[in-house]
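To start, the structure under review is shown below, and the notes come after it.
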Amino acid sequence: MHPDLARVGRLAELDAELERLGKELAVARNAVAETERVEKEAMAHRDRLQAELLAASAEERALQRQLDDYRAKQQSAMRILETGAGNPDAAERQLAQCSAILDDIETKLLEMFERQDGLRASLNAAETELAKAGAERMRVATETPVTLARLEAEEHATQPKRTSIADELSLEVRQRYDMLRAGKKKVAVARLVDGSCTGCQMTVPAQHISDLRRGLMEPCRGCGRFLLIG
Ligand SMILES: [Zn+2]
């Protein structure tokens, strides 16, 4: 195999490594902000539920006041009917009206209690979520500097290896490598596996394979990538 072909293979490995490190670094750099965002969202959700529960309590108090008012009216109508002091027809009408309204208020109150139960359960769940998000943010805030330091050290160790391999390549090979990487194919190197190119799956002619074995650097005729053998 052509010595530059082996170097190109090593270069591709280092570039893949650097790309992986770059992606992991980006994730790690974003990790703290991401957990802060999640915690903020959990807090907003909790606050919304608290506000809903407060509003529901105010509605409940208003309903209780209505209930008290109509019970008082109901009792005064009953007193009129019991004592005969007053207009019995008007008292009967008031009694019927009060019963209907009281039924309605009681139904609304029961619905309100159910709604409050539901809201309290949701609020509890939201508090748990918020606590979890807070703990996760703390964990990530503690771990991220360590992760970043490790990834940056790996990147700093890999970069000079890449530079020295690239420097060993002939200008022509290096330019071709850079061009292939910059292009749509992203990866400049393919392997010969079972007589086919791993980059484009095209069968590589026997003559081409023997040329590669003889030390020629002929790219794949299907995709143009450097073909590594052996
Ligand atoms: Zn190919």
- request: Report the residues of the range 53-71 in range of a label on D104: point 7 Å along Cα→C-beta, backbone N strictly under 20 Å from it.
  value: 59-71
query: Once the Cα atoms of helix 88-168 and of the chain are each reduced to a long axis, what angle between those two axes, in degrees from 0 to 90 to the nearest 10, is obtained?
result: 20 degrees
- request: Enter the angle in degrees (range 0 to 90, nearest 10) between the Cα long axis of helix 171-182 and the first principal axis of the Cα atoms of the chain, meaning the one along which they spread out most.
  value: 20 degrees
task: Determine, for I80, I209, the number of other Cβ atoms within 10 Å of each Cβ, and report the residues in order from fewest to most.
output: I209, I80
message: Run the simple label-point estimate for L67 and T83 please: 7 Å along Cα→C-beta, distance reported in nm.
response: 2.7 nm
message: Can you compute the charge dipole magnitude of the range 45-112 about its Cα centre, using +1 on each Lys and Arg Cβ and -1 on each Asp and Glu Cβ, nothing else charged? Give it in debye, rounded to the nearest 20.
response: 180 debye
field: Fraction of the pair-distance distribution of the chain above 25 Å, Cα-Cα pairs, percent
entry: 69 percent
field: Relative contact order %, the chain, counting alpha carbon pairs below 8 Å whose residues are six or more apart
entry: 33 percent
- line: Of all lysine pairs in the chain that are eight or more residues apart or on different chains, those with Cα atoms under 21 Å apart total 7
query: Highest GNM mean-square fluctuation, the chain, Cα pairs closer than 10 Å: which of M78, M43, M138?
result: M78
field: Stokes-Einstein translational diffusion, the range 23-159 - Kirkwood Rh over all Cα pairs, 1.567 mPa s, 4 °C, in µm²/s
entry: 65 µm²/s
task: May I ask you to order 49-62, 184-197 by the average number of other C-beta atoms within 10 Å around their residues, highest value first?
output: 184-197, 49-62
query: Comparing E129, E172, E34, which has the greatest mean-square fluctuation in the GNM of the chain with Cα pairs linked when under 10 Å apart?
result: E172
statement: Residues V173, V8 in order from fewest to most other beta-carbon atoms within 10 Å are V173, V8
message: Once you place label points 7 Å from the Cα toward the Cβ at A182 and L18, how far apart are they in nm?
response: 1.4 nm
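Only the coordinates and a few stated rules stand behind these numbers; no lab work does. These numbers come from a predicted model, not from an experiment. As a convention, Cβ positions derive from the backbone with ideal geometry for all residues, glycine included, and neighbour counts pool all protein chains shown.
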